Amino acid sequence: MHPRFDIPGHVYIALTLVFTVYGQLVLKWQMSDVGPLPEGNLSKLGFLLLQFLNPWIMTGLASAFLASLAWMAAMTRLDLTYAYPFMSLAFVIVMAFSVLFLNEPLSMQRILGTLMVVAGLIVMTR
């Protein structure tokens, strides 16, 4: 396989990332609005199952399913050892969007960690 010339394979990876990031952000956004888990295992389960009725949660879960389909398509085109490092970009994108849209704190430690992930990605794909 020649991964650098496989445009469809890279499009599938990009779609996997888009759907993964969307799902993570929307789930966090919606779960932040409902408060903490209640006490007791049965209450926790009921609480979480109730969240399935939230249309936004449904889109987040559907997004995870679409990410899986896009990843399956990518696996038909690219080696896993080449494609999988790109998934680390989800960490970078989620961190950036969490700061921008969810007002989560950004520290120097997170920035350095993100830069290390990006450097590792560059090394692995060369």
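What the table shows:
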{"quantity": "Relative contact order (percent, whole number), the chain, Cα cutoff 8 Å, 6+ residue spacing", "calculated": "37 percent"}
{"quantity": "Nearest-0.05 FRET efficiency for Y84 and L49, computed from C-beta distance (R0 35 Å)", "calculated": "0.65"}
{"quantity": "20 Å cut-off, amide nitrogen to a point 7 angstrom out along W29 Cα→Cβ, residues in region 54-96", "calculated": "54-68, 90-96"}
{"quantity": "Cβ-based exposure ranking for W29, W71, in which fewest neighbours within 10 Å come first", "calculated": "W29, W71"}
{"quantity": "For region 3-125, radius of gyration divided by Kirkwood radius, i.e. Rg to Rh on alpha-carbons", "calculated": "1.05"}
{"quantity": "Chain lengthening between M75 and V99 when straightened (0.36 nm per residue, less Cα-Cα)", "calculated": "5.5 nm"}
{"quantity": "Dipole magnitude of region 3-125, debye to nearest 20 (Cβ charges: Lys/Arg +1, Asp/Glu -1, about Cα centre)", "calculated": "120 debye"}
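Computed from the coordinates by the stated procedures, all read-outs in this text should not be read as laboratory data. Only a predicted model underlies this, so the values are computations on that prediction, with no experimental measurement involved. When we count neighbours, we look across all protein chains shown, and the Cβ atoms used for this are built from the backbone with ideal geometry, even at glycine.
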